[in-house]
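Encoded as structure tokens, the structure appears first; notes follow it.
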Amino acid sequence: MGLLIRRILTERTIAHHEKGKNMSKTKKTTPANIIWFEIPADNPERAKEFYGKLFGWKINLFSGMKDYWHIDTGGSDDTPDGGLMARKHRGQSITNYVNVPSVTQFMAKVEKLGGRICLPKTAVPQMGYFAICQDTENNTFAIWERNENAK
């Protein structure tokens, strides 16, 4: 994930955390909510036009990047934005990033439940960790753990 994606994920996580400060003080588990998605495309300009016209999303090239666009879905801070990118390999599909308390624990859980790890725990320095997984139906998804101490 690029530097700008990392910043957006951090800002969304902070905004989500700040919202929760005024809520109930009872201990709650971290929700496994989707916080980011990536759409691969054979023709990114065509995909940009399609999704922009279909949903009204604002899709703009990230500064300094030639093949990764930020998708502003227009929702509130607790709804995910995403990225549009050139397809890296045949069969690459949309990837949803799901917030979890521990990538390590959830990787083990994925495997215990019959899924597999496609890309093991990877640090995004000063942001957190992610891993790419595959479920029992061959769908790919990512898990994300926010951690400013990631190296």
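Read the figures in this text as sums done on the coordinates, not as results from a lab. As the structure is a computational prediction, the values presented were derived from the model and not from experiment. With ideal geometry, Cβ positions are generated from the backbone for all residues, glycine too; neighbour counts draw on all protein chains shown.
Tabulated results
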{"item": "Phi-based couplings in Hz for the range 39-46 (Karplus 6.51, -1.76, 1.60; Gly and Pro marked x)", "result": "10, x, 9, 5, 10, x, 5, 5"}
{"item": "Net charge over other residues, Cβ less than 10 angstrom from the Cβ of Asp72 (K, R count +1; D, E count -1)", "result": "0"}
{"item": "Sum of side-chain charges, Arg116 neighbourhood, beta-carbon under 13 Å (Lys, Arg +1; Asp, Glu -1)", "result": "-1"}
{"item": "Set Lys66/Lys109; Lys112/Lys151; Lys88/Lys109; Lys109/Lys151; Lys66/Lys151 screened for pairs whose C-alpha atoms are more than 32 Å apart", "result": "Lys66/Lys109"}
{"item": "Rel. contact order, % - alpha carbon contacts under 8 angstrom, at least six apart, the range 93-151", "result": "39 percent"}
{"item": "For the range 29-112, alpha-carbon Rg over 2.2 N^0.38 Å", "result": "1.24"}
{"item": "Coarse-grained scattering of the range 93-151 at q = 0.28, 0.30, 0.31 Å⁻¹, given as base-10 log I(q)/I(0) from a Debye sum over alpha-carbon atoms", "result": "-1.14, -1.24, -1.29"}
